[in-house]
Amino acid sequence: MRSNTYKEEKAWKEIQSYLPEENRLNDDTLPEEMYMKIEEYDVHIDRYVHENPKGIVALFHGVGGNGRLLEFIALPLWRAGYEVICPDLPLYGLTVYKGKVSYPDWIGCGVAVCDSFRRTGVPLFVFGLSAGGMLAYQVACRLDSVDGILATFLLDQRIKQVTRETASSKMMAVIGKPFLKMSHRLFGNLKLPMKSVCNMKAIVNNEELAEILMRDELSSGAKVSLEFLYGMLNPDIEIEPQDFNKCPVLLVHPAEDRWTAPELSRLFYDKLRINKKMTMLPGAGHFPIEKVGLTEFETACIGFLDNLNCVRILTTLP
């Protein structure tokens, strides 16, 4: 039976020794844990609180993580003055769900979380890791206002090359979408291990850590429904990238990713016509825990957030 808090869960504790010391959780940096009712879901949220934050960052995991595993990203943002909200999306982490979970449910949860924590006069940013990058973009499309998007990847699964190169095998790349198109309506609640669909063994460049994550049923070892997979691989993009004009975008792409090449994100990123920037993270894998990559990661992300804050303040002065 799942715990109500991460206190009794093991995987997030086991990965601490693989992180740079300053990115590890300790008794002084543990987030507040809470649950938020969103329709039929009880969504677990890790919250890194600030009384007077420079901004609020909603941080979304992908299909190999959960909110607690993003602490290595949340901590530097929190130390820089930002409140960080890390939800466990349905099927992952400690979020409680019943029945079918669809990918549009993830978008709806993301929008609800952002709207719930939004504060008047405080900028709101969305940040996605891995598949959470495209989720962050889709959430931004639905929000009334958003001040910036940050992502490690922007993977448009409508593009055959993206689906083919991120699948777990050549066979899955060929049969995956046709199979889901035929089966998701009849057997939508049937679950498959995510590692049988995606190349999950490449989620991190350290083999020992990859094994820990793939054994964890709350993250890379989770099972997902056919309904969810169909929605993720056939997304409804409400605003095409060439028409998106809501806010600036920062893409921070790991340079040593063994799963997802930068060219795949560029298929979407290059179409964006708004203020945007792409930064490569030296030495970093898909789950960018390496110190040299994290240093560049923190510099780029905090610089992006702070610069947008400065522009926002200047444009609101009388």
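Each value in this text was obtained by applying a stated rule to the coordinates, not by laboratory testing. On a predicted model such as this, the values are computed, not experimentally measured, just so you know. No Cβ is skipped: glycine too gets one built from the backbone with ideal geometry, and neighbour counts run over all protein chains shown.
So for region 55-101, averaging the separation of alpha carbon pairs under 8 Å that are six or more residues apart and normalising by length, what relative contact order in percent results?
The normalised contact order for region 55-101 reaches 42 percent.
Full-extension gain between ASN307 and ARG24, please, as 0.36 nm times their residue separation minus the C-alpha to C-alpha distance.
Taking ASN307 through ARG24 to full extension adds about 99.2 nm, to one decimal.
How big is the chain by Rg and Dmax over its Cα atoms, in Å?
Gyration radius and largest Cα-Cα distance of the chain: 18.2, 61 Å.
Run down the lysines and flag those whose C-alpha is under 16 Å from the C-alpha of LYS98, throwing out any fewer than 8 positions away in its chain.
LYS37, LYS191, LYS223
Straight-line reach from LYS246: which lysines have Cα under 19 Å away, leaving out those fewer than 8 places along the same chain?
Correct list for LYS246: LYS271, LYS276, LYS277.
Let me have the relative contact order for region 74-135, percent, based on Cα pairs under 8 Å that are six or more residues apart.
RCO, region 74-135: 18 percent.
Does region 1-157 come out rounded, prolate or oblate by the C-alpha gyration tensor, with a ≥ b ≥ c the root eigenvalues, rounded set by a/c under 1.5 and, if not, prolate when a/b is larger than b/c and oblate if not?
rounded
For the chain, return all DSSP H helices satisfying: extent of Cα atoms along own axis at least 24 Å; mean Kyte-Doolittle hydropathy at least 0.5.
Membrane-span-like by this criterion, though nothing is claimed about a membrane: 291-316.
Going by a ≥ b ≥ c, the root eigenvalues of the Cα gyration tensor, does region 225-318 fall in the rounded group (a/c under 1.5), the prolate group (a/b larger than b/c) or the oblate group?
It comes out oblate by the Cα gyration axes.
In whole percent, what relative contact order does the chain give with Cα contacts below 8 Å and a gap of six or more residues?
For the chain, the relative contact order is 17 percent.
As a test, work out the antiparallel percent of DSSP beta bridges whose residues both lie in the chain, rounded to the nearest 5.
Percent antiparallel among DSSP bridges in the chain is about 40.
If you take the beta carbon distance between THR299 and LEU192 as r and set R0 to 51 Å, what does 1/(1 + (r/R0)^6) give as a FRET efficiency, to the nearest 0.05?
0.85
Rounded to the nearest 20 Debye, what is the dipole magnitude of the chain about its Cα centre when Lys and Arg each give +1 and Asp and Glu each give -1 at the C-beta?
That gives a dipole near 1040 debye.
Summing Lys, Arg as +1 and Asp, Glu as -1, what charge do residues with Cβ under 9 Å from the Cβ of GLN242 carry, GLN242 excluded?
Neighbourhood net charge equals 0.
Can you tell me how region 12-61 classifies by the Cα gyration tensor, rounded, prolate or oblate, using a/c under 1.5 as the rounded cut?
The shape class here is oblate.
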